[in-house]
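The values are calculated or read from the model by the stated rules, or taken from the named source; none is laboratory data. Note that the coordinates shown come from a computational prediction; the quantities given were computed from them, not determined experimentally. Cβ placement follows ideal geometry from the backbone for every residue including glycine, while neighbour counts extend to all protein chains displayed.
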Amino acid sequence: MFCFQCEQTALGKGCTKHQGVCGKKDHTAHLQDELTGAMIGLARVMEKEEAPNDEVSRLVMKGLFTTVTNVNFNDPTIKKQVEDLHNLQKAIGGEICDFDMQELWSANEDIRSLKSLILFGLRGMAAYAYHADVLGYHNEDVNAFFLTALRAIGGEEDMDMLLALVMDTGNVNLQCMAMLDKANTETYGTPEPTEVSMTIEKGPFIIITGHDLHDLYLLLEQTKDKGINIYTHGEMLPTHAYPKLKAYAHLKGNFGTAWQNQQKEFDGVPAPILYTTNCLMPVKDSYSDRVFTTEVVSYPEMVHIGPDKDFTPVIEKALELGGYPEDHKMTGINGGSVLTTGFARGTVLSVADKVVEAVKSGSISHFFLVGGCDGAKPGRNYYTEFVKQTPDDSIVLTLACGKYRFNDLDLGTIAGLPRIMDVGQCNDAYSAIQIALALADAFDCTVNELPLTLVLSWYEQKAVCVLLTLLSLGIKNIYLGPTLPAFVSPNVLNVLVERFGLTPISTPEEDLKKILEK
Ligand code: FSO
Ligand code: SF4
């Protein structure tokens, strides 16, 4: 197998043995390559200018999402998707036109690097498009771009064209995140600041993890009046802030911390866990009877909730296990017991005047966006230390699962605003961008001229598409860690450093000094 799409790739180079660091087996990796090759094949058999219909778009979205890290470990489900793509190729073009992914993995390293940036960005973006799609929101440009970009991965060799396509990927992902923001807020309301408890109340409960708001809504509906409480986990935390979701009294709080601690945190818990997206880690025997998956997530032998969305097996499991006999107190990694979320664009922009005034009067000296995805490798406590060391008169905006490193810290308030503000999930980078643009507008300057620094952590492909979006907006001097992607070749890195000032993180002390000296 060959896979180097995520931050934890073996030796920082690539997973090449019979199993990846994430637990993906070589046969699954091969099938995921076949799936990608079959999607490129589908793009090839279609006319270049032809707009994809719903069937084509859904298969492509699903196929790309399936290959995101920690989503699908289940061979038969991937084989079925390859089969569907082949049938569609034959129906459209009369023959199968698959691309052999080995050609990509063995290509010239700069071509491979640019195409990997595009492909991995597409995978992340497809997950966002998929979540919007289940809420009935689509964007023709996004759907058409999937095919244009896949076609280029299968054939384009011109470096300049590929570099332009890397930027286009970021640009189109901005549209995609805007669509998901619209889908989420129009369906469930504008997020509002909300305190979330980390105590699990006694009695039956269900843990729901991942990013899909629609799945949470359906679960809340099916469990109301059943004496079962619902707790979010990982990237589900920001859902507490949506008025139409927080209206359910049995949506009680948040269980545990970020995804990489799940094997420890789910052990011995008297409740089922429902996975709606990544990040699913190989399931341990100690809790395998309690794991349920839905949508694109799949793991051998785990019960999968299909398109009928009947959560009865999860509900029955919760009742059978019965939960804790007494209230069970949990804390964040710094010992805090309450989390706050809901500082998306709606809330922050509603107090924009206050923020602008606080900057003008000098009570706020700097904004940091410390966000992105978390991971298991050491070195990630950089982000905890960084936030702890930010000056007292600075604001820390955060998003995605990396926030669990510090979201239980109480850093106090400035001008009535908490110093740490959780904007939401990784896709809510869209919201953070809107906040930055509005501030730039208020100060009549560009985002790069604001007293704002982005300090990002990356793990998988959603972080790749978000990073490409920030670059495509011309945002400069982003700090990125904990390590640089293995798929960025030295020449491509040079371009990113020269053009965008992309900076690898060093130590919190050094980086803060550099940032605040400017
Ligand atoms: Fe994290 Fe996982 Fe949102 Fe990612 S839970 S690592 S970027 O899937 O999606 O932040
Ligand atoms: Fe390795 Fe990451 Fe690929 Fe898993 S997703 S096989 S850990 S590079």
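Before moving on, here are some points about what is shown:
- A486 falls short on exactly one of the conditions (1) farther than 17 Å from G372 by Cα; (2) touching a helix residue (DSSP H, G or I) at 6+ places or on another chain (Cβ under 9 Å); (3) more than 16 Å from ligand 2 (Cβ to nearest atom); (4) at pLDDT 95 or above, and that condition is (3).
- Residues that are surrounded by fewer than 19 Cβ atoms within 10 Å (Cβ to Cβ), assigned to a loop (DSSP other than H, G, I, E, B) and within 16 Å of ligand 2 (Cβ to nearest atom), drawn from the stretch 9-59: K13, G14, T16, K17, H18, V21, G23
- Odd one out for T169, checked against (1) under 30 Å from K246 (Cβ atoms); (2) touching a Leu at 6+ places or on another chain (Cβ under 7 Å); (3) hydroxyl-bearing (S, T, Y): (1)
- Unique residue being surrounded by fewer than 20 Cβ atoms within 10 Å (Cβ to Cβ), of a type in the set (S, T, N, Q) and not in a loop (DSSP other than H, G, I, E, B) when the list is Q102, Q89: Q102
- Only one entry in T503, T469, T507 is at pLDDT 95 or above and in contact with a strand residue (DSSP E or B) (Cβ under 8 Å, 6 or more places away or on another chain), namely T503.
- Any chance P282 is outside the structural domain of F65 (by TED's automatic domain parsing) and more than 16 Å from ligand 1 (Cβ to nearest atom): no
- Search result, residues across the stretch 195-218 that are within 15 Å of Y242 (Cβ to Cβ) and either in a strand (DSSP E or B) or of a type in the set (A, V, I, L, M, F, W, C) (or both): E195, V196, I208, L213, L216, L218
- Restricting attention to the stretch 49-106, the residues being β-branched (V, I, T) and more than 23 Å from D141 (Cβ to Cβ) number 6.
- The selection criterion, being within 30 Å of T194 (Cα to Cα), within 16 Å of ligand 1 (Cβ to nearest atom), outside the structural domain of A127 (by TED's automatic domain parsing) and not in a helix (DSSP H, G or I), holds for D422.
- Unique match (being within 22 Å of the chain's Cα centre (by Cα), away from ligand 1 (no atom under 16 Å from the Cβ) and not hydrophobic (A, V, I, L, M, F, W, C)) among D141, D75: D141
- L11 vs. criteria touching a residue at least 12 places away in the same chain (Cβ under 8 Å) and not aromatic (F, W, Y): no
- Residue within the stretch 184-199 that is within 19 Å of the chain's Cα centre (by Cα), away from ligand 1 (no atom under 16 Å from the Cβ) and closer than 21 Å to V142 by Cα present: yes
- Some residue of the stretch 85-99 being out of contact with any Pro (no Cβ under 6 Å at 6 or more places or on another chain), within 15 Å of ligand 2 (Cβ to nearest atom) and at negative phi: no
- In the stretch 337-413, counting only helices (runs of 4 or more DSSP H) that sit wholly within it, the ones holding 3 or more residues that are in contact with a Lys or Arg (Cβ under 9 Å, 6 or more places away or on another chain) span 381-389.
- Lone qualifier among E192, E157, E186 - being assigned to a loop (DSSP other than H, G, I, E, B), within 25 Å of I433 (Cα to Cα) and of a type outside the set (F, W, Y): E192
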